[in-house]
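Asks: A single structure is presented below for examination.
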Amino acid sequence: MSIEAINEQLLRAIGVGVALLDTSELKFRFFNDTFKEWFAEIETGQQLRDVFPDIDTAEVIRALQETGQFTSEASFRIRRRMMTIAMTINPALEGNQKVAVLVCQNISRIKELESMIDSYSMMVERNTREIKREKEQVEKLLLNMMPRSVYEEYKTFGVVTPRTYENVAVLCLDFSGFSATVEQQDAGVIVSELNDIYTAFDRIGDQFGCERIKTVGDLYITVAGMPDPSDRSIQSVSDAAVRFVRYLENRNKSHPVDWNCRIGLAAGSVIGSVVGVQKYIYDVFGPAVADAMRLREAAGAMEIVAAADFAERFGEAHETEAAGSGALADGTAVELVRVLSGNGSLSH
Amino acid sequence: MAQQQSMFDKYGGFSVVSKIVLDLYERLLDDDDLGPFFDDVEFARIVDHQTKFVSSVMGGPASYTDVQIQKLHSHLPISDAHFDKLALMLTQVLQDHGVEDEDAQEVVGAFAQRRGLVVND
C-alpha cells in the first residue's frame, strides 16, 4: 500500500471530521467518514454554506487570505442530539491547486460540561450565600447572649475559659409589685412591655458603656468594666441607673401599666463564663453581683441604692442621700445611700 | 452520634451523579419509545435538571418541588408504559454504575413517587 493510500485511510478513520475545500468557491472536494457520518446528505461539489448555513463565506475567504486561518463553532442536530463542533480551516497546496483543510472537532460534551459547571457554580454560590446568612443569624443570637470578645473566644476555641474580672460595676434591677402586675395583665402585654423596656435599657446602657448580661423575668443585670477593664465602670452603671429611672418615669406618664424599678449598685470582682453545654448562656456571678442583688432589695420603688463608699467613687456626678445602714451579701455592715435621679421625683 | 452518610456522598457527589445521568440520557435518546420526547429539548439543560434532581433524591444539595416537576412534563404525552420503561432503564444505569440494589431502589422509588406528576396520557 502506498503512503498516500495509508494517509487516506487514516484520514478516513480518525474521530475528527476532515474535509478538503477548494479555496476559490469553498466547494467540498473530499470528506472523511466521520464528516460523512455527521453530515449524511453531503456530496462532493457542494459548497461550505450548504452544510453550514450560518457561516459567512466571504469572511472565510478574507480570513484565509489575511491571517491564513479561519476558526468558528457550529451547532446542529443529529438524530435528537445537539452537536457542537469547533472548526478550523487552513489553506494547503495540492499540486498547483489551492485547497483548504477543514478540521472539525466534536466539542458537544465539553459544551455540556461547561453549562453544567456554570449551573453548579451558581447553585454553590446560592448555597454559600444561604449558609452565610444563617451564620450571621447565629452570630447575632450569640452576640445577644455574650460579649463580642467572649464570642470570639468561643468561636475560635469552642469553649470559654471562666475568668475573674476585677473592678467590675454591677447594676441589678427588678420591678416592685411585679407579681401583682403579672396577675393583673395579660401575659402577652407583660412580655411586650418588658421587651420594650429592656430594649430601652439596653440602648441606654450601651450609651454609657454597660453590657447587659441577662434578664430573668423582671430581673435585669448589666455590668461595666468587663470584659475590657474601665476606669469609669462605677460612673457608667450609676449614669445608666439614673437614666433608667428617668426613662421609666417618663414612660409611666404615657402608658397604662406603671413600672417601678428598684436598683442596686455594687462594684468588685465577678466571674464571667459560659455556663451549660446544651443550653449555654454567658453568665456573671461573684461578690459584686451578689452585693448588687442584695442592695436592690433595700431599694424602694424607683430608688437606686448603693453602699456609701461606692457612691464616693463616682464623686459629684450624682446627688445622694443617706439611706441608713444595711448589709452586703457576705453580711458586712455598710452605710447605704440613695442615688438621686435628679428629676425631682425622688422625694420621700 | 455519627451522622449517617448520604447516598450522594457515598457514591462520590456531583461528578458521579452527572455521569449516571449522562449515561441515562444517552440510552434514553437511543430508545425508540422514549427518545422522541427529547427531540426538542436542549440536552445540556435536561441533564443539568436531572442531575440536580437525582442529587437531591440521594440526599445531596439542590431540590425540586412537585410543581416544578409537573410543569416540566405537562406538555408531553407521557404514558404509564413510558414511565415503566424509564424506571427500568434507570435501574439498569444505576446498577451499571455500581449503585447497590437497596440504594438504586430508593432512587427509583423517588421517581415512582412522582409518577402522577409526569404521566399525562
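The values are calculated or read from the model by the stated rules, or taken from the named source; none is laboratory data. Just so it is clear, the structure is predicted and the values come from calculations on it, not from any experiment. Cβ coordinates were reconstructed from backbone atoms using ideal geometry, including for glycine residues, and neighbour counts include every protein chain displayed. With ligands, DNA and RNA removed, areas are computed over all heavy atoms of the protein, side chains included. Shrake-Rupley method; radii C 1.70, N 1.55, O 1.52, S 1.80 Å.
Asks: Residues that are charged (D, E, K, R), surrounded by 12 or more Cβ atoms within 10 Å (Cβ to Cβ) and part of a helix (DSSP H, G or I): does region A:190-201 have at least one?
Replies: Within region A:190-201, one or more residues are charged (D, E, K, R), surrounded by 12 or more Cβ atoms within 10 Å (Cβ to Cβ) and part of a helix (DSSP H, G or I).
Asks: Taking the stated definitions as given, is A:Pro91 out of contact with any Ser or Thr (no Cβ under 8 Å at 6 or more places or on another chain) and either within 24 Å of A:Thr34 (Cα to Cα) or touching a residue at least 60 places away in the same chain (Cβ under 8 Å) (or both)?
Replies: Working: out of contact with any Ser or Thr (no Cβ under 8 Å at 6 or more places or on another chain): no; either within 24 Å of A:Thr34 (Cα to Cα) or touching a residue at least 60 places away in the same chain (Cβ under 8 Å) (or both): yes.
Answer is no for this residue.
Asks: Looking only at region B:35-56, which residues are among the aliphatic types (A, V, I, L, M) and at the interface with chain A (Cβ under 7 Å from one of its Cβ atoms)?
Replies: B:Ala44, B:Val47
Asks: Look at A:Val160 and say whether it is away from chain B (no Cβ under 14 Å), outside any helix (DSSP H, G or I), modelled with pLDDT under 90 and open to solvent by less than 40 Å² (accessible area, probe 1.4 Å).
Replies: yes
Asks: Restricting to region B:6-21, what's the tally of residues that are at pLDDT 90 or above and at the interface with chain A (Cβ under 10 Å from one of its Cβ atoms)?
Replies: Number satisfying all stated conditions: 1.
Asks: Considering only residues that are without any contact (Cβ under 8 Å) to a residue 24 or more places away in the chain and either among the hydroxyl-bearing types (Ser, Thr, Tyr) or out of contact with any Asp or Glu (no Cβ under 7 Å at 6 or more places or on another chain) (or both), which ones fall in region A:208-228?
Replies: First, the residues of region A:208-228 that are without any contact (Cβ under 8 Å) to a residue 24 or more places away in the chain: A:212, A:215-216.
A:Thr215, A:Val216 - these are the residues of region A:208-228 that are without any contact (Cβ under 8 Å) to a residue 24 or more places away in the chain and either among the hydroxyl-bearing types (Ser, Thr, Tyr) or out of contact with any Asp or Glu (no Cβ under 7 Å at 6 or more places or on another chain) (or both).
Asks: Separate question: Residues that are over 55 Å from the mean Cα position of the chain (by Cα) and farther than 27 Å from A:Ser115 by Cβ: does region A:65-73 have at least one? First the steps, then the outcome.
Replies: As a first pass, look at region A:65-73 and keep what is over 55 Å from the mean Cα position of the chain (by Cα): A:65-66.
Now narrow it down to the ones that are farther than 27 Å from A:Ser115 by Cβ: A:65-66.
Checked region A:65-73: at least one residue is over 55 Å from the mean Cα position of the chain (by Cα) and farther than 27 Å from A:Ser115 by Cβ.
Asks: Give me the strands (runs of 3 or more DSSP E) completely within region A:214-329, filtered to those with at least 1 residues that are under 37 Å from the mean Cα position of the chain (by Cα), ordered by residue number.
Replies: Correct list: A:219-224, A:261-275, A:281-285.
Asks: Working carefully through the options A:Val289, A:Val305, find the one that is touching a Cys at 6+ places or on another chain (Cβ under 9 Å), modelled with pLDDT of 90 or more and not acidic (Asp, Glu).
Replies: Among A:Val289, A:Val305, only A:Val289 is touching a Cys at 6+ places or on another chain (Cβ under 9 Å), modelled with pLDDT of 90 or more and not acidic (Asp, Glu).
Asks: In region A:11-54, how many residues are open to solvent by 80 Å² or more (accessible area, probe 1.4 Å), closer than 12 Å to A:Val99 by Cβ and not charged (D, E, K, R)?
Replies: Qualifying residue count for the region: 1.
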